[in-house]
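To start, the structure itself, in structure tokens.
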Amino acid sequence: MPLSEELKARIAAEFPKYPEKRAVLLTALHFIQAECGGWVPPDTVPDLATLLGILPIDVEEVVSFYPMYHSDPVGKWHLQICTNLPCCVAGARGLAQALEERLDILSGEITPDGLFSIGESECLGSCGTAPVLQVNNEPFVENLKPADLPALLERLRARAAASGSNGSNGSNGSNGSGGGR
Amino acid sequence: MAFVGYLLPPEGRNWSALADYKANGGYEGAEKAVRQMKPADVLTEVKNSGLRGRGGAGFAAGMKWSFLPADGVHPRYIACNADESEPGTFKDRQILERNPHQLIEGLLIAAWANSIDAAYVYMRGEYRGAFDNLNAAVAEARAAGYLGRNILGSGLDFEIYVHRGAGAYICGEETGLMESLEGRKGQPRKRPPFPAIAGLWKRPTVINNVETMSHVPHVIRKGADWFKTIGTEKSTGSTIFGVSGQIMRPGTYELPFGTPLREIIHEYAGGLRPGRTLKAVIPGGVSMPVLTAETAMQVTMDHDTLQKNGSLLGTGAVIVFDDTSCMVRAAIVIARFFRHESCGQCTQCREGTGWLHKLMMQIEAGKARKSDLDTVDEITRQMEGKTICALSDAAAWGSGWFLRRFRPEFEAHIERGGCPLAGVSFEV
């Protein structure tokens with residue numbers, strides 16, 4: 001899937017902020033993920049490289065280096081539980097296990113309906129409200145307990161139904177221009 | 001005498017709107033700087049205040065600024081570190097979400113002092129709310145004439161751009177941040193040259209943490225002498241301590257440097273859960289050596305005191321463990337984190353972080369030998385002071401000091417063939 005003209009224009013609109021086009025790479029990848037259902041499809045890479053005046057490998061090595069970029073599809077709702085020290089001390093492991101059991105998938109997998117995937121995250125910077133979970137790139141769900149999971153998943157299912165889709169859509173990530181939530 | 005902080009609005013309030021910020025003294029520091037002070041005077045004031053970096057290393061901010069070449073070398077930049085990722089640290093997020101204009105004002109004053117053309121705020125990608133909030137504040141500041149061309153009639157042209165990272169801890173390292181901002185993997189650079197000479201795009205660059213910059217408006221508005229009345233002689237001002245772990249009231253507490261850790265834990269943060277006793281405290285984020293309960297109850301939270309007591313202040317992230325916590329499990333989580341976050345450039349770090357994690361797992365499972373404890377110690381020593389950046393040292397300290405300060409508990413795992421606190425301690 002080549003980059004749409006609209007997306008190319010949004011990426012190009014970032015160029016004036018920097019002395020070099022390449023500096024827009026991380027922002028552009030956030031845009032692409034938001035547009036493509038939470039991952040960076042490999043066939044977007046050559047177009048992006050051309051637009052930024054770099055090689056496809058320059059894009060690929062950045063995608064693989066940063067944990068927030070996914071080179072494989074994720075669920076419509078990608079759920080990440082922080083398993084760093086303050087969250088573990090507050091019960092994150094039990095929460096992660098409860099989530100896996102409830103969705104009947106393991107970390108790194110997607111539910112058959114494409115709605116949910118699970119990942120683990122390093123410290124999210126919410127240690128005073130541990131344990132914490134992040135849905136896609138939305139504001140954190142804080143002080144989460146295993147007993148809260150059914151309601152959280154129900155809300156997400158309802159939001160997916162309201163947006164008329166299951167599986168991937170464009171809600172993952174940020175539009176990067178502020179105020180998009 | 002309760003200390004009243006100056007970095008954050010009162011509990012439950014939010015000064016993200018320009019009008020609210022200005023109603024509480026906002027931008028008075030910037031107005032004073034550009035209208036009444038020469039850039040060199042601003043630099044002198046910041047130097048005299050003793051303001052030290054709040055991002056972990058505690059380097060003197062004014063000193064750092066003075067390393068920039070004399071004005072005339074343009075463009076020159078500020079890189080503001082909002083990649084807050086040190087486990088246990090969640091203070092900059094408070095500033096970004098509740099008082100973003102304070103950061104903008106700090107950046108503006110720093111720009112005046114150092115003749116800066118543009119600032120890039122590098123914010124960790126996960127901080128979506130903070131990103132939106134700061135962007136909105138930047139737009140409002142620009143519309144009000146605090147950013148853009150000829151700011152407040154001073155002749156200064158200055159812009160702030162908010163840039164999103166993508167989840168890599170190493171991008172909080174100053175040169176890793178610069179590589180990342182330029183659109184590359186966040187692998188730290190060899191120094192020299194230092195960022196003040198060749199930073200972003202090889203241009204002179206000032207790099208400071210969000211909280212550090214947020215102190216600057218207060219230093220200028222109220223003066224260096226006022227700032228020095230808070231804190232200790234060599235750790236001036238207040239800081240935002242983040243308290244987490246096994247504590248009744250986890251959260252952020254803005255307090256003067258030099259506040260006793262005992263007070264932070266037992267008074268401000270509400271003490272331990274009923275019936276529990278204190279076992280260990282990490283005073284400055286997981287990179288910093290853990291303290292035993294005995295030491296923790298004696299130290300004050302300032303750079304000198306912590307250094308004398310075998311740790312460092314780091315980011316002021318206080319992680320509390322009570323007697324239910326297994327120290328080997330704590331070491332596992334820290335080792336796992338650094339293994340995940342090593343950028344892979346340097347062998348000592350890339351291999352060492354992996355070995356530490358595997359050995360800690362073996363020890364916890366009761367499958368290690370006594371000699372493995374010496375191996376852990378040896379690995380950590382080989383990881384210190386030998387790499388391009390300090391992540392390797394942090395990895396070595398973070399888990400290595402759990403072994404050194406709680407060795408009998410590590411030995412007990414080996415002797416019993418498993419965790420003495422199984423079923424009691426938190427899981428990893």
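The values are calculated or read from the model by the stated rules, or taken from the named source; none is laboratory data. Nothing here was measured: the structure is a model prediction, and the numbers come from that model. Methodologically, a virtual Cβ is constructed for each residue, glycine included, from the backbone with ideal geometry; neighbour enumeration extends over all protein chains shown.
Does the stretch A:126-140 contain any residue that is more than 8 Å from chain B (Cβ to nearest Cβ) and part of a helix (DSSP H, G or I)? Within the stretch A:126-140 (the criterion being more than 8 Å from chain B (Cβ to nearest Cβ) and part of a helix (DSSP H, G or I)), the answer is no, since none of the residues qualifies. State whether the residues of the stretch A:84-93 include one that is more than 17 Å from B:VAL333 (Cβ to Cβ) and either outside the structural domain of A:ARG22 (by TED's automatic domain parsing) or not hydrophobic (A, V, I, L, M, F, W, C) (or both). No: the stretch A:84-93 contains no residue that is more than 17 Å from B:VAL333 (Cβ to Cβ) and either outside the structural domain of A:ARG22 (by TED's automatic domain parsing) or not hydrophobic (A, V, I, L, M, F, W, C) (or both).
May I ask you to say which residue of A:GLY75, A:GLY108, A:GLY91, A:GLY53 is on the phi > 0 side of the Ramachandran plot and in contact (Cβ under 8 Å) with a residue 40 or more places away in the chain?
A:GLY91
Screening B:ARG329 against (1) basic (Lys, Arg); (2) more than 16 Å from A:LEU85 (Cα to Cα); (3) part of a helix (DSSP H, G or I) leaves a single unmet condition, (2). The set of residues in the stretch A:63-89 that are within 7 Å of chain B (Cβ to nearest Cβ), touching a helix residue (DSSP H, G or I) at 6+ places or on another chain (Cβ under 6 Å) and more than 30 Å from B:ARG249 (Cα to Cα) contains only A:TYR69. Here is the figure for the stretch B:374-413: residues that are over 22 Å from B:PHE321 (Cα atoms) and part of a helix (DSSP H, G or I) total 13.
Cβ-Cβ contacts under 6 Å between residues 6 or more apart (or on different chains), taken from a first residue in the stretch A:30-48 that is of a type in the set (Ser, Thr, Tyr) to a second residue that is modelled with pLDDT under 95, are listed as A:THR44/A:LEU3. Within the stretch A:8-26, the set of residues being within 19 Å of A:LEU55 (Cα to Cα) and assigned to a helix (DSSP H, G or I) comprises A:LYS8, A:ILE11, A:ALA12, A:PHE15, A:LYS21, A:ARG22, A:ALA23, A:VAL24, A:LEU25, A:LEU26.
The set of residues from the stretch B:253-262 being touching a strand residue (DSSP E or B) at 6+ places or on another chain (Cβ under 8 Å) and surrounded by fewer than 23 Cβ atoms within 10 Å (Cβ to Cβ) comprises B:GLU254, B:LEU255, B:PRO256, B:GLY258, B:THR259, B:PRO260.
For the stretch B:89-102, the count of residues that are on the phi > 0 side of the Ramachandran plot and not assigned by TED's automatic domain parsing to the domain that holds B:GLN246 is zero. With a requirement of 1 or more residues that are basic (Lys, Arg), the helices (runs of 4 or more DSSP H) lying completely within the stretch B:19-115 that satisfy it span B:28-36, B:39-49, B:61-66, B:92-98.
The set of residues in the stretch A:112-125 that are away from chain B (no Cβ under 14 Å) and more than 16 Å from the chain's Cα centre (by Cα) comprises A:PRO112, A:ASP113.
Quick check on my filter: what residues within the stretch B:65-78 are surrounded by fewer than 24 Cβ atoms within 10 Å (Cβ to Cβ) and either more than 10 Å from chain A (Cβ to nearest Cβ) or under 12 Å from the mean Cα position of the chain (by Cα) (or both)? B:TRP65, B:SER66, B:PHE67, B:LEU68, B:PRO69, B:ALA70, B:ASP71, B:GLY72, B:VAL73, B:HIS74, B:ARG76, listed by residue number.
Of all residues in the stretch B:317-331, those satisfying the criterion of being at the interface with chain A (Cβ under 9 Å from one of its Cβ atoms) and either touching an Asp or Glu at 6+ places or on another chain (Cβ under 8 Å) or modelled with pLDDT under 95 (or both) are B:ALA317, B:ARG329.
For the stretch B:166-222, the set of residues classified as free of Cβ contacts under 8 Å to residues at least 40 places away in the same chain and under 30 Å from B:ARG35 (Cβ atoms) consists of B:LYS222 only.
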